[in-house]
Amino acid sequence: MARTGSSARQPPARTEVATAAATPVQSADSSDRWVVDLAPLDGRGRRACESIATVADASFGARGLTGLDGSVSWPALFASGVYTGDDIPELLAGPVWTTVKGRLDGPSTESLQVDLRHGIVRHRWQFDGHEIMVHRFLSGADVGVAVQRVDGPVDSVATTEPVVRPGPRPGTSVTSALVGTAEVMSVRDDRSGACIAVAAHDEVNDTSSSRSIVRLVGIAAGGGAGIQTMAADRLRRARSNGPAALERRHRSAWDRRWARCGTWMPDRPELERAVRFATFHLLCAGSTGSDPDGTVQTPSTETAIGARGVTGTSYRGHVFWDADVFVVPVLSAIAPAGARRSLDYRWARLGQARARAHREGRRGARFPWESAAAGTEVTPVSAHDLRGNLLAIRTGELEIHITADIAWAVGNHVDWTGDDEFLASHGLELLVETARYWTSRLEIDQDRSAHLRGVIGPDEYHEHVDDNVFTNVMVRHNLDLAAAAAVRFGGCDPTEIRTWQELSEALVVEPDESGIYEQFSGYHALDDLSVHDIGEPPLSADALLGHDVIAGTQIIKQPDVMMAYHLVPHLLDAGVFERNLARAIERTAHGSSLSPAISASLLFRARRWQEATDLLELAAFLDLDDVTGTTAGGLHLATMGGLWQAVTFGLLGLRATASGLVFDPHVPPELGPIRHRLMYRGTPIDVRVSDDRARVEGSVAVPLAVAGETRKACRHDVRRTGEGWEHR
Amino acid sequence: MSKLPGKRVLACLDDSPAADAVLATATNVARAMGAELDVISVVPPDGSAVRRSASMSPGGRASRSPTPRVVVGPVEATLVDELEQDDVVLGVLGSRALAAQPDLLGHVARAVVTRSRRSLIVVPPGAEPLTGEGQRFLVPLDGRSRTSRAVAPVLAALIEPMGTIVPLHVFDDAHVPMFVSSPHDREVLADEFAARHLGPVVSRTERPRLRLGAPVDEILAAIRRDEADAVVVCWSQHLDGGRAAVIRGLLADGSVPVVLHPIDVARAGSEGRPGSV
């Protein structure tokens, strides 16, 4: 795809900020850094742009371009958590309301802008002195309301009724009905009963030479009756408000969202925009018009955040650990209500998770590796690899760390939000039931050591391994969280709590005598290849060497031990962090799109600036540059979440704990000053870091730990001391 | 109703072992396309025997088959000229299989496939003829957009009416895409490949097979694995050199008919990456 403007990644001349802590980032809000400007000239670029220009919220996503020139277009409407009833479900595609019929008389130029500040997509064609402009948004203020305005020559543009593209798929029914005065088109999956309905109304205003078509849209989705009526009601309310008021409300909603978060990197405008683009789509995935402003909770619904959100069909919309470990932690700090909804998606499926554990002869609850509407395991069981071999897919069977990942997300959410109401209710239930699963899943040896055998860690190149460090550490954390919450809120037998504490202690998670954590039992005995023996990462090492061959080497798909350092650093030996990182990076193929950002985060901690920055940029531009060739299938939300985490946890070293924030920046000089904003327990926190000074500031006093010293204040000024930092 | 009224499918018959399959294929393809069948047998001017009549006799089929139009002239040049006629949409001819030189097309077939600008179906000896309906066509694509554009009309006009398109793309080691460990990743990559390279003809297209390895081996393996009835290949009409290895391999394999569609390599080759099919 061609993006207008320079795509160069070379850092421009550094901005000298002698006293950055007191210096506002003057250029940070320049408008071009809030606009992703795309020129979807060729077919490949167009398809990626269709995802990039998705307008979405936590409930709905409308992707696709307007194909005035007859170019191939893949518009679609999806609803979060609304799937087909296939054995392996996928997102149900609803009626497309964005279609525009137009005629370009003569050669035209086309441009596409995504206004990140206000969540508006503008698609424009210019030809022969004329212009057609499509202006579209999905309301950030009014749930299930969208607006599209088309302006152009009177004889050149017309809209169409909502359509279903590329046509109704087998097993679905498309109906059109009059509900009140609204024509409502709906797509219903015959097996799941899930339905997406769209009601649209066009207001056409012609002059002698120009035409303006304003389409107001009501969208609703769900599994019950009355979906069409809900869509019609939303359209009716939209019409009573009118497009101007709807847009004002929408813009205000986005202003409020951005008042809670943001990243500014004045010396790196392209990177700043890429981080903002990621944050924008994370906000889309986690926000709705019904969210309370600024603070937390009381969401009334749940949100299933699929691997590509509602921006495309890839990964069939399934919910993986991508949601709990990569996206939810971001939302906990920038859109807490969205994080809560995603955690409630898990909580609402505890029944299925309990049933699965029971079927396997275990206690508690075991969550599926891939989840859809029902919460059952929907991981495919086999697939052909690139060698044509039919492989068994064992992640659904063995990648059990997902259960502990969900518990981690609960704890992390509470640390950031202080949402004790959630912790005491849904959170506690999640922690307790997952801990109970582990008590029945752990194997206790004669020496009283506890083991998890036959698992898959994040490094999926190695299957059915014993004592995977990541899994064991996450389970230990799960048990610790459950014990702490149960002690605090009661409701559990003290004996059971004691068992969790003992098992946590008994779990095998120790480095060897050289300070290296063996990724799993027997890992060090494998063929010790460097990833560079195969090629330069990122690469698909399993495809190149073959599934069985790669399993016999120490090459790993993505951080595994180091992922534990990323999520729960307090449970691992900080003194051997760098040597473990060095060993792991040498063997990491980055075979997953989740890998670069997390690796960057860790490499920043180790001051390996160039490697860290390269990987950060790979993650930052993964979709904007369609690096994988798969952006058309939807945006890589987890990569975006990893990018935000690399900035927050890696570069800024900012983490939330039960007792406050911890701050330990590791910013390479080449990146220049950074300003970052997020929410901590209902308060916007502004963080500014430059060469030798930093500031953490909120409207209320927050505890901030720097180099082990905690102070509570509204404003913390921090200065560099050698390679560390201290309170001023 | 004829889909291609006034157009001909030209069956080029000689005494090749594949002659029966050539005639059957041409007959069925012409019917599927709604084109007329034209059967030709070229007799060299030096007075070589016309043996075609003998080859048509077995099974009594000759009585129901169209009588070949016998043309006297230099065989290769005459066939190429006949194929170049405006109303000819497709040629069908056989290849020889000699035990000593299994990859040898036969000098007539070699000359025709390398010189004619028309799409051709080459039927190896022993191959089952195309039935013209419900069949599976393996279509290896090299990922170059110009190649895809070149083959699209053939797929739309010839292959779609007769069955299902099974696209195949073979990566070489140097161009394995990133992040394809998950089956979901491979699915979306395959879907993207289809959308970008088969956009106009996706209605009867299966999800592309993505493979890694030696192109010839992977194509031959895919023929077996996907039970392909024929292979459709764009090619530059050069049988020598490394880049024609796929064509030579397919013709030598001889298990299914090969649809050869010539493209201008000078133009098609200027885009995309080399080394993968």
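Here are the numbers for this structure:
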{"quantity": "Single residue of the stretch B:147-193 satisfying the filter (without any contact (Cβ under 8 Å) to a residue 24 or more places away in the chain and among the hydroxyl-bearing types (Ser, Thr, Tyr)) that is farthest from the other protein chains (Cβ to nearest Cβ)", "calculated": "B:182"}
{"quantity": "Tally, over the stretch A:374-396, of residues that are farther than 29 Å from residue A:485 by Cβ and part of a helix (DSSP H, G or I)", "calculated": "0"}
{"quantity": "Filter pass, residue A:367 being within 10 Å of chain B (Cβ to nearest Cβ), crowded, with 21+ Cβ neighbours inside 10 Å and within 23 Å of residue A:83 (Cβ to Cβ)", "calculated": "no"}
{"quantity": "Among the residues listed as A:169, A:165, A:188, the single one being assigned by TED's automatic domain parsing to the domain that holds residue A:118, free of Cβ contacts under 8 Å to residues at least 60 places away in the same chain and closer than 30 Å to residue A:87 by Cβ", "calculated": "A:188"}
{"quantity": "Scope the stretch A:537-556; condition free of Cβ contacts under 8 Å to residues at least 24 places away in the same chain and within 11 Å of chain B (Cβ to nearest Cβ); matching residues", "calculated": "A:544, A:545"}
{"quantity": "Among (1) farther than 18 Å from residue A:464 by Cβ; (2) at pLDDT 95 or above, the one test that residue A:441 misses", "calculated": "(1)"}
{"quantity": "All positions within the stretch A:263-305 that are under 22 Å from residue A:421 (Cβ atoms), surrounded by fewer than 24 Cβ atoms within 10 Å (Cβ to Cβ) and modelled with pLDDT of 90 or more", "calculated": "A:302"}
{"quantity": "So residue A:346, is it crowded, with 24+ Cβ neighbours inside 10 Å, away from chain B (no Cβ under 14 Å) and charged (D, E, K, R)", "calculated": "yes"}
{"quantity": "Every residue from the stretch A:190-204 that is surrounded by fewer than 22 Cβ atoms within 10 Å (Cβ to Cβ) and either in contact with a strand residue (DSSP E or B) (Cβ under 7 Å, 6 or more places away or on another chain) or on the phi < 0 side of the Ramachandran plot (or both)", "calculated": "A:190, A:191, A:192, A:201, A:202, A:203, A:204"}
{"quantity": "Test: residue in the stretch B:209-226 that is facing another protein chain (nearest Cβ under 10 Å), in contact with a Ser or Thr (Cβ under 6 Å, 6 or more places away or on another chain) and crowded, with 20+ Cβ neighbours inside 10 Å", "calculated": "no"}
{"quantity": "Every residue from the stretch A:380-406 that is under 17 Å from residue A:471 (Cβ atoms), surrounded by fewer than 24 Cβ atoms within 10 Å (Cβ to Cβ) and within 14 Å of chain B (Cβ to nearest Cβ)", "calculated": "A:394, A:395, A:396"}
{"quantity": "Meets criteria (within 18 Å of residue A:662 (Cβ to Cβ), touching a Pro at 6+ places or on another chain (Cβ under 9 Å) and either within 14 Å of chain B (Cβ to nearest Cβ) or crowded, with 23+ Cβ neighbours inside 10 Å (or both)) for residue A:604", "calculated": "yes"}
{"quantity": "3 or more residues under 22 Å from residue B:224 (Cβ atoms) and in contact with a Lys or Arg (Cβ under 8 Å, 6 or more places away or on another chain): qualifying strands (runs of 3 or more DSSP E) within the stretch B:108-211", "calculated": "B:163-171"}
{"quantity": "Filter pass, residue A:515 being touching a helix residue (DSSP H, G or I) at 6+ places or on another chain (Cβ under 6 Å), away from chain B (no Cβ under 14 Å) and on the phi > 0 side of the Ramachandran plot", "calculated": "yes"}
{"quantity": "Near pairs, Cβ below 7 angstrom, 6+ apart or cross-chain, from the stretch A:581-593 (farther than 20 Å from residue A:633 by Cα and more than 9 Å from chain B (Cβ to nearest Cβ)) to any residue that is surrounded by fewer than 24 Cβ atoms within 10 Å (Cβ to Cβ) and of a type in the set (S, T, N, Q)", "calculated": "A:586/A:530; A:587/A:530; A:587/A:554"}
{"quantity": "Meets criteria (assigned by TED's automatic domain parsing to the domain that holds residue A:643 and either surrounded by fewer than 21 Cβ atoms within 10 Å (Cβ to Cβ) or over 22 Å from residue A:463 (Cα atoms) (or both)) for residue A:511", "calculated": "yes"}
{"quantity": "Matching residues in the stretch A:306-343 - criterion: being within 14 Å of chain B (Cβ to nearest Cβ), among the charged types (D, E, K, R) and either in a helix (DSSP H, G or I) or surrounded by fewer than 24 Cβ atoms within 10 Å (Cβ to Cβ) (or both)", "calculated": "A:316, A:322"}
{"quantity": "Within the stretch A:671-713, tally of residues that are at negative phi, more than 30 Å from the chain's Cα centre (by Cα) and not charged (D, E, K, R)", "calculated": "2"}
{"quantity": "Sole exception among (1) among the hydrophobic types (A, V, I, L, M, F, W, C); (2) more than 23 Å from residue A:79 (Cβ to Cβ); (3) part of a strand (DSSP E or B) for residue A:177, by number", "calculated": "(2)"}
{"quantity": "Out of A:242, A:222, sole residue that is in contact (Cβ under 8 Å) with a residue 12 or more places away in the chain and among the small types (Gly, Ala, Ser)", "calculated": "A:222"}
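Okay, residues lined up against (1) outside any loop (DSSP other than H, G, I, E, B); (2) buried (at least 17 other Cβ atoms within 10 Å of the Cβ); (3) touching a helix residue (DSSP H, G or I) at 6+ places or on another chain (Cβ under 9 Å); (4) outside the structural domain of residue A:278 (by TED's automatic domain parsing):
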residue	(1), (2), (3), (4)
A:662	yes, yes, no, yes
A:670	yes, no, yes, yes
A:677	yes, yes, yes, yes
A:686	yes, no, no, yes
A:695	yes, yes, yes, yes
A:698	yes, yes, no, yes
A:705	yes, yes, no, yes
A:712	yes, no, no, yes
A:716	yes, yes, no, yes
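The values are calculated or read from the model by the stated rules, or taken from the named source; none is laboratory data. These figures come from a predicted structure and were not determined experimentally. Reconstructed Cβ throughout: ideal geometry from the backbone, glycine too, with neighbour counts over all protein chains shown.
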